[in-house]
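Undergrad: This structure is in structure tokens; I'll ask about it shortly.
The values are calculated or read from the model by the stated rules, or taken from the named source; none is laboratory data. Just so it is clear, the model here is predicted, and its values are computed rather than measured. Ideal geometry is used to build each Cβ from the backbone, glycine not excepted, and the neighbour counts take in all protein chains shown. When the accessible area is computed, the model is the full protein with side chains, heavy atoms only, and any ligands, DNA or RNA have been set aside. Shrake-Rupley method; radii C 1.70, N 1.55, O 1.52, S 1.80 Å.
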Amino acid sequence: MSDYYEYAINCTFSSSLDPHLLDTLRYLVRTHEYAFDAPSDHPFFGAEEFEGQRYEAWRDILQVDPDEERGYFARFFRVHSSRTQWSTASEAPYILSFQIAVHDDAEGDVWRLLQWLATISDSQGFVGYSIRQGHGVSEHPRLWYFENQQLVSR
């Protein structure tokens, strides 16, 4: 049995964010399959060859895996419920919130997701945490922050 990591992340986005990036966030938490092209040259959207197949981890990272006990708790991308209270378009009416569990060998995919989110999110400061489970259970979570469009852990 290998270790896995639980992540809980919550960040916000401006309604003035590029529409293709907003569509990408919606695609990441989609409830049905549809064609969608990668929006960026960010490393998160890269593809890898695995056993002769092309694999794009970004397409599945926030999706339900029916063959896994872990890997999905909850995820959503929605308009903030108090959107009418936002005074300017630069304030953040969109929220991406997710809780996932990933095997230790896929944790790099989550880091790349968080690094990309840091570049487009309006959130600054604490956005969530991760904690190791399995054989090597962590006593303390790793805290994740977005600072100056960079991902920082503490």
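Here is a yes/no grid of residues against (1) in a helix (DSSP H, G or I); (2) at pLDDT below 90; (3) at positive phi:
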| site | (1), (2), (3) |
| --- | --- |
| ILE61 | no, no, no |
| GLU69 | no, yes, no |
| SER90 | no, yes, no |
| GLY108 | yes, no, no |
| GLN115 | yes, no, no |
| VAL127 | no, no, no |
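Undergrad: In region 112-130, which residue that is open to solvent by 50 Å² or more (accessible area, probe 1.4 Å) and touching a strand residue (DSSP E or B) at 6+ places or on another chain (Cβ under 7 Å) is nearest to PHE13 (Cα to Cα)? Reasoning before the result, please.
TA: First, the residues of region 112-130 that are open to solvent by 50 Å² or more (accessible area, probe 1.4 Å): 112, 115, 119, 122, 124, 126, 129.
With the extra rule that they be touching a strand residue (DSSP E or B) at 6+ places or on another chain (Cβ under 7 Å), the set shrinks to 115, 122, 124, 126, 129.
On the way: GLN115: 15, ASP122: 5, GLN124: 11, PHE126: 15, TYR129: 19 Å.
Per the criteria, the residue is ASP122.
Undergrad: Taking into account only those residues within region 1-26 that are out of contact with any His (no Cβ under 9 Å at 6 or more places or on another chain) and within 16 Å of ARG112 (Cβ to Cβ), which is surrounded by the fewest Cβ atoms within 10 Å (Cβ to Cβ)?
TA: LEU21
Undergrad: When you scan region 27-58, how many residues do you find that are open to solvent by 50 Å² or more (accessible area, probe 1.4 Å) and assigned to a helix (DSSP H, G or I)?
TA: Matching residues across region 27-58 total 1.
Undergrad: Considering only region 81-88, I want to know if a residue exists there that is surrounded by 14 or more Cβ atoms within 10 Å (Cβ to Cβ) and either at pLDDT 90 or above or on the phi > 0 side of the Ramachandran plot (or both).
TA: So far as region 81-88 goes, no, none of its residues is surrounded by 14 or more Cβ atoms within 10 Å (Cβ to Cβ) and either at pLDDT 90 or above or on the phi > 0 side of the Ramachandran plot (or both).
Undergrad: Output the qualifying pairs, or none if there are none: Cβ atoms under 6 angstrom, residues six or more apart or on different chains, first residue in region 137-154 and without any contact (Cβ under 8 Å) to a residue 40 or more places away in the chain, second residue open to solvent by 60 Å² or more (accessible area, probe 1.4 Å) and not hydrophobic (A, V, I, L, M, F, W, C).
TA: Close Cβ pairs satisfying both conditions: SER138/ARG132; PRO141/TYR129; LEU143/TYR129; LEU143/ARG154; SER153/ARG142.
Undergrad: Could you tell me whether region 131-139 includes any residue that is under 20 Å from PRO39 (Cβ atoms), open to solvent by 30 Å² or more (accessible area, probe 1.4 Å) and outside any strand (DSSP E or B)?
TA: No, the conditions are met nowhere in region 131-139.
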